[in-house]
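Heads up: the structure comes next, in C-alpha cells.
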Ligand SMILES: NC(=O)c1ccc[n+]([C@@H]2O[C@H](COP(=O)([O-])OP(=O)(O)OC[C@H]3O[C@@H](n4cnc5c(N)ncnc54)[C@H](OP(=O)(O)O)[C@@H]3O)[C@@H](O)[C@H]2O)c1
C-alpha cells in the first residue's frame with residue numbers, strides 16, 4: 001500500500017482527503033490511501049514517517065507550511081523563494097524534498113482566466129502563507145504587486161491608505177484576496193476596499209472557494225469586474241501534488 005496524507009494542527013474538514021480518495025476510486029488507482037495526520041508539533045514529523053514507512057508524500061497545511069522547512073533535506077527552488085512548502089515527497093533514498101504547489105495552482109488558474117488580458121499591477125490582500133506563493137507567481141508573470149495589510153509597514157499599504165488615492169488604486173486592476181474573509185460560515189465579511197472605484201476593467205480573484213461566490217466577488221461583479229474563486233487553484237495544486245509524488249526522476253524538470 002502506498003500512503004499519502006495531510007499534516008496540520010487541526011484537520012476538521014479536509015478537501016484533500018475527499019479529493020484524493022475520490023481520485024483513487026474514479027481513476028482506478030489501486031493500492032493507494034490518503035489519510036489525515038494531525039500533529040500537535042511539527043517536530044513529530046520524523047516519528048510519523050518512522051511509524052508509517054509506506055508514507056511517500058504529504059500535503060502540509062496551517063500552521064506548518066513554513067515550520068516544516070528545517071525538517072527537509074532538500075527544498076525546490078520555487079518553494080525556497082516563497083519560503084513555504086505545502087508538498088513533501090519522500091525520495092527513494094529516504095530523504096525529504098519540499099515543494100510549493102499553491103504557486104503552480106494559482107499561476108496556472110490565473111493564466112487560464114486572464115488569457116491575453118493584462119491587468120496592470122496587482123493588489124494582494126493579506127500577508128499570510130498563501131500570499132507568499134501568490135506574490136512569487138505574480139512576479140514570475142511580470143505583474144508588479146502591492147501588499148495590503150491591516151498593519152502598516154514598509155512593504156504594505158493599509159486598507160485606509162488604499163482609500164487615499166483613486167489614481168493609485170486604479171493602477172492595480174487585479175485584486176487577489178488571500179485573507180480568509182468571506183469564507184464559510186462568515187459569508188457576509190469581505191475585505192475593506194473602495195469598491196465604488198472598481199469598474200469593468202478589474203479582475204477580482206478570491207483564494208476562498210467556499211462559498212462558490214464570496215461577498216468580495218459579488219461586490220466586484222456588481223461594479224462590472226470579472227470575478228473568480230479559488231476552486232480551480234485548489235484542484236490544480238492537488239493534481240500538482242500527485243504529479244510531484246509520482247515523478248519518476250525524483251524531481252520535476254518543470255516545477256512551474
Ligand atoms: N484556493 C486554494 O487553493 C487555497 C490555497 C491556500 C489558501 N487558500 C485560502 O486562502 C486563505 C488564506 O490562507 P493562509 O494560509 O494565507 O491564511 P493565513 O496565514 O491565516 O493568512 C491570512 C492573512 O489574511 C489576513 N487576515 C486574517 N484575518 C483577517 C481579518 N479578519 N481581516 C482582514 N485581514 C485578515 C492577515 O493578513 P494581515 O495581518 O497582513 O492583514 C493574514 O496574514 C484561506 O481562506 C485559505 O483557505 C486557498
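The values are calculated or read from the model by the stated rules, or taken from the named source; none is laboratory data. Worth saying up front: this structure is predicted, and the values here are computed from it rather than measured. Note: ideal-geometry Cβ built from the backbone for every residue, glycine included; neighbour counts use all protein chains shown.
Observations on the structure shown:
- Condition broken by residue 65, with the remaining ones in (1) surrounded by fewer than 22 Cβ atoms within 10 Å (Cβ to Cβ); (2) within 14 Å of the ligand (Cβ to nearest atom) satisfied: (1)
Listed here are the residues, each with its yes/no results for (1) modelled with pLDDT under 95; (2) surrounded by fewer than 24 Cβ atoms within 10 Å (Cβ to Cβ); (3) assigned to a helix (DSSP H, G or I); (4) touching a strand residue (DSSP E or B) at 6+ places or on another chain (Cβ under 8 Å).
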{"residue": "84", "(1), (2), (3), (4)": "no, no, no, no"}
{"residue": "92", "(1), (2), (3), (4)": "yes, yes, no, no"}
{"residue": "98", "(1), (2), (3), (4)": "no, no, no, yes"}
{"residue": "103", "(1), (2), (3), (4)": "no, no, yes, no"}
{"residue": "134", "(1), (2), (3), (4)": "no, no, yes, yes"}
{"residue": "138", "(1), (2), (3), (4)": "no, yes, yes, yes"}
{"residue": "142", "(1), (2), (3), (4)": "no, yes, no, no"}
{"residue": "147", "(1), (2), (3), (4)": "no, yes, no, yes"}
{"residue": "157", "(1), (2), (3), (4)": "no, yes, no, yes"}
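- Of the criteria (1) touching a helix residue (DSSP H, G or I) at 6+ places or on another chain (Cβ under 8 Å); (2) more than 16 Å from the ligand (Cβ to nearest atom); (3) in contact (Cβ under 8 Å) with a residue 40 or more places away in the chain, which one residue 35 fails: (3)
- Each residue in the range 38-60 was checked for being in a helix (DSSP H, G or I) and either out of contact with any helix residue (DSSP H, G or I) (no Cβ under 9 Å at 6 or more places or on another chain) or surrounded by fewer than 17 Cβ atoms within 10 Å (Cβ to Cβ) (or both), and 8 of them qualify.
- Residues of the range 169-183 classified as assigned to a loop (DSSP other than H, G, I, E, B) and either more than 10 Å from the ligand (Cβ to nearest atom) or touching a strand residue (DSSP E or B) at 6+ places or on another chain (Cβ under 9 Å) (or both), total: 5
- Every condition in (1) touching a residue at least 40 places away in the same chain (Cβ under 8 Å); (2) under 20 Å from the mean Cα position of the chain (by Cα) is met by residue 120 except one, and the failing one is (2).
- Subset tally (residues that are more than 16 Å from the ligand (Cβ to nearest atom) and exposed (fewer than 15 other Cβ atoms within 10 Å of the Cβ)) for the range 192-217: 4
- Answer from 176, 235 - the residue that is closer than 23 Å to residue 112 by Cβ, within 20 Å of the chain's Cα centre (by Cα) and surrounded by fewer than 17 Cβ atoms within 10 Å (Cβ to Cβ): 235
- Restricting the first member to the range 54-77 and to residues that are under 15 Å from residue 43 (Cβ atoms) and outside the structural domain of residue 91 (by TED's automatic domain parsing), and the second to residues that are loosely packed, with under 15 Cβ neighbours inside 10 Å and modelled with pLDDT of 95 or more, no beta-carbon pair is closer than 8 Å while six or more apart or on different chains.
- Odd one out for residue 128 among (1) modelled with pLDDT under 95; (2) outside the structural domain of residue 227 (by TED's automatic domain parsing); (3) within 12 Å of the ligand (Cβ to nearest atom): (2)
- The one condition from (1) farther than 13 Å from residue 238 by Cβ; (2) touching a helix residue (DSSP H, G or I) at 6+ places or on another chain (Cβ under 8 Å) that residue 63 does not meet is (2).
- Of the residues making up the range 196-219, those that are touching a helix residue (DSSP H, G or I) at 6+ places or on another chain (Cβ under 7 Å) and in a helix (DSSP H, G or I) number 2.
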